[in-house]
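Following: one structure in structure tokens, then a few remarks.
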Amino acid sequence: MLSELLQGTDAGGFLVIQDSCGCSGRTLLKSLINAALNREEIVHVLCFDVSEDELKDGLKTSVTQRLHIHNAYIDPLGWSDHPVFTVNQFNLVELTHLVKQTSHTKPATLVIDSLSWILRHASPPAVCKTLQQLKKGGAVRAIIGLLHADMHQRGTVGSVCRLANSVITVAPGPKGDEAMAKLTKRSKSGKVLQDEEIFSINEDLTVTVQSKPRNSEHKQSDTIEQQVDPTANLTFNLRLSDTERKAKEKLALPFVFSKEKKTALLHSGPGSGRILYEPDANDDYDQEDPDDDLDV
């Protein structure tokens with residue numbers, strides 16, 4: 001699945017790389033930028049976390065002509081007289097103008113490095129609203145954002161990730177030069193696909209998928225678990241032997257009438273008692289309305 005995401009996101013797609021202090025996702029972000037440039041796409045980068053030179057390090061100089069970096073690293077809050085890009089400009093109107101002012105006509109890929117810097121200085125609802133508006137298309141073909149999950153509350157991270165079509169969560173791998181990617185991809189039909197892959201990034205920023213990690217939980221689920229008998233340590237017996245079961249089946253229950261008892265009750269024989277009632281003169285009994293004496 002990681003190789004498919006590197007080949008390019010769909011139009012209107014939003015990809016989030018979620019990392020932490022234990023494993024940085026910036027190298028994977030640069031790999032995605034490099035892959036987009038190799039596909040001859042136009043890439044605009046909002047650079048907040050690192051300098052422009054650090055972001056360009058490792059990228060081929062032959063493809064950087066389609067790379068437009070908006071350096072917000074030097075003045076992200078607009079304290080100087082002429083800032084390049086600030087947090088306050090992160091809205092649909094400013095971003096659309098920023099992308100369309102280049103000479104390229106086809107929609108571009110917008111890369112945000114990082115969303116955490118913006119979320120620390122702008123309200124999460126406003127940021128999510130802008131991301132949702134950008135997803136609808138227009139000047140931006142796709143969005144790729146880096147998110148430092150350990151810098152925010154769980155609700156903020158969940159809100160951003162729910163907007164994304166794909167989420168890549170990076171974690172340390174089994175070896176020093178490897179990392180683990182936990183991938184979640186939502187299709188247009190609403191189906192959610194999840195996978196885990198171990199990968200490494202080469203010097204030319206290409207990604208090599210090593211293998212899928214061995215999941216011990218899956219192995220445990222494949223084995224047959226021994227069922228615990230809840231009656232094993234009881235002081236009394238809940239089970240019946242064959243002899244006891246046969247004796248139970250022959251036992252006549254007091255509330256179950258046998259055929260002979262039913263016949264005797266339904267057919268009265270000689271000597272059986274009957275109740276006869278003869279109304280007297282004081283009985284006010286109406287044949288047409290038997291319930292006339294009732295106050296209803």
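Points worth noting:
- On full extension, the segment bounded by HIS97 and THR27 gains 22.4 nm, given 0.36 nm per residue less the C-alpha separation.
- Rough spin-label spacing in nm, given labels placed 7 Å along Cα→Cβ, for ASN202 and LYS259: 8.9 nm
- Cut-off 15 Å between beta-carbons: net charge of the residues surrounding GLU40, Lys and Arg +1, Asp and Glu -1: +4
- Rg/Rg_ref, the stretch 1-93, where Rg_ref = 2.2 N^0.38 Å and atoms are Cα: 1.17
- The fewest-to-most ranking of SER187, SER51 by surrounding Cβ atoms within 10 Å reads SER187, SER51.
- Working note: Cα atoms of the stretch 2-213, range along each principal axis, descending, whole Å: 50, 40, 33.
- All Cα pairs of the stretch 1-51, percent lying beyond 18 Å: 33 percent
- Positive minus negative residues near PHE90 (Lys, Arg vs Asp, Glu; Cβ under 15 Å): -1
- Across the stretch 174-187, coupling constants 3J(HN,Hα) worked out from phi with the 6.51/-1.76/1.60 Karplus curve, θ = phi - 60°, read x, 10, x, 9, 10, 9, 10, 10, 9, 10, 10, 10, 10, 7 Hz, and Gly and Pro carry x.
- Sequence of THR243, THR64, THR109, THR130 once ranked by neighbouring C-beta atoms within 10 Å, starting from the fewest: THR243, THR64, THR130, THR109
- Among 145-152, 199-206, the order from most to least packed when residues are scored by Cβ within 10 Å on average: 145-152, 199-206
Every number here is computed from the coordinates shown, using simple stated rules; none is lab data. Only a predicted model underlies this, so the values are computations on that prediction, with no experimental measurement involved. Positions of Cβ are backbone-derived with ideal geometry, glycine not excepted, and every protein chain shown enters the neighbour counts.
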